[in-house]
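Below is one structure, written out as structure tokens; comments come after it.
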Amino acid sequence: MHTNSTEAVWAVFKPGLKGIYHHVSRKHLGRYVDEYAFRLNEGAVDNHTLDRIAAMLLGAQGKRLTFDDLTAD
């Protein structure tokens with residue numbers, strides 16, 4: 001891990017949050033970080049698109065976010 005690696009992650013994460021979500025709650029910050037970690041880890045051009053889709057589906061398997069969980073304080 002280098003300082004440049006950390007700066008590269010922030011260079012992608014911060015504009016992505018501002019440009020896509022506009023507001024980030026503390027409650028769901030971990031979910032946003034997980035999404036961008038997945039994008040950075042699986043987004044290599046060497047990985048075939050279908051392999052990335054399979055990794056996404058395997059990562060989501062068994063996890064469920066209900067509306068009540070999403071909106072509860």
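Before moving on, here are some points about what is shown:
- Within segment 28-60, considering residues that are at pLDDT below 80 and of a type in the set (K, R), the one surrounded by the fewest Cβ atoms within 10 Å (Cβ to Cβ): R39
- Within segment 1-35, the set of residues being under 13 Å from the mean Cα position of the chain (by Cα) and of a type in the set (G, A, S) comprises G16, G30.
- The residue that is modelled with the lowest pLDDT, among those in segment 61-73 that are in a loop (DSSP other than H, G, I, E, B) and exposed (fewer than 10 other Cβ atoms within 10 Å of the Cβ), is D73.
The values are calculated or read from the model by the stated rules, or taken from the named source; none is laboratory data. The structure presented is a predicted model; accordingly, all values stated were derived computationally and were not measured. Cβ: placed from backbone, ideal geometry, glycine included. Neighbour counts: every protein chain shown.
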